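Accompanying notes for the structure given below.
The values are calculated or read from the model by the stated rules, or taken from the named source; none is laboratory data. Only a predicted model underlies this, so the values are computations on that prediction, with no experimental measurement involved. Ideal geometry is used to build each Cβ from the backbone, glycine not excepted, and the neighbour counts take in all protein chains shown.
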Amino acid sequence: MKTARILVVATGILLPYLVRLPYGKEWADQYTQGGIFGWLFFGAFNAIAWGSILALSFLYRRPRSLIFPAVFGFGFLAWAHAPLDLGADAQAAIALIFIPIYAVAPILVGGLVGLLFDRLVWPERKRHHCSVNS
């Protein structure tokens, strides 16, 4: 589970930048030109989303259950961050605050699906111990 949690954090931090790369350098630069305070500000709000997935990981018994909140949450984040044009409007940057907050809803839906799979579909295997009676 430790590796899965590290992957969630790394993906959550890098995802908003990576989804902008296919649109070109100028598009990616919109997210990276804020300096250290911009990175910290952006990272703090983005932590709402990946932190929610990380928190859900403590409810699961198996790492594969994290696929559901990760796909729902990171999918929403990718969908919202990729086309966001910060230069289109003076208020466009406000979306950087609300995108991670809005991502919590699909993360929770995915978290519930993951919990159902974790407990009902992928139950723990019972170990059978052979005992020899003499």
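Return the residue satisfying two criteria in turn: it lies in region 27-38 and is buried (at least 16 other Cβ atoms within 10 Å of the Cβ) and aromatic (Phe, Trp, Tyr), and of such residues it is farthest from ASP85 (Cα to Cα).
It comes out as TYR31.
Would you mind stating whether TRP39 is under 16 Å from LEU14 (Cβ atoms) and at pLDDT below 90?
Here the answer is yes, as TRP39 does meet what is asked.
For region 19-66, which residues satisfy the criterion of being part of a loop (DSSP other than H, G, I, E, B) and of a type in the set (A, V, I, L, M)?
VAL19, LEU59
Residue-by-condition table, conditions (1) surrounded by 15 or more Cβ atoms within 10 Å (Cβ to Cβ); (2) closer than 26 Å to GLN30 by Cβ; (3) at pLDDT below 85:
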{"position": "PHE74", "(1), (2), (3)": "yes, yes, no"}
{"position": "PHE117", "(1), (2), (3)": "yes, no, no"}
{"position": "VAL121", "(1), (2), (3)": "no, no, yes"}
{"position": "CYS130", "(1), (2), (3)": "no, no, yes"}
{"position": "ASN133", "(1), (2), (3)": "no, no, yes"}
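Determine which single condition ILE36 fails, assuming it passes every other condition in (1) more than 11 Å from the chain's Cα centre (by Cα); (2) within 25 Å of ALA90 (Cβ to Cβ); (3) touching a residue at least 60 places away in the same chain (Cβ under 8 Å).
With respect to (1) more than 11 Å from the chain's Cα centre (by Cα); (2) within 25 Å of ALA90 (Cβ to Cβ); (3) touching a residue at least 60 places away in the same chain (Cβ under 8 Å), ILE36 is out only on (3).
Does at least one position in region 10-26 carry a residue that is of a type in the set (Lys, Arg) and buried (at least 16 other Cβ atoms within 10 Å of the Cβ)?
Checked against the condition, which is being of a type in the set (Lys, Arg) and buried (at least 16 other Cβ atoms within 10 Å of the Cβ), region 10-26 yields at least one hit.
Restricting to region 79-91, what's the tally of residues that are surrounded by fewer than 16 Cβ atoms within 10 Å (Cβ to Cβ) and closer than 19 Å to ILE48 by Cβ?
Of the residues in that region, 1 qualify.
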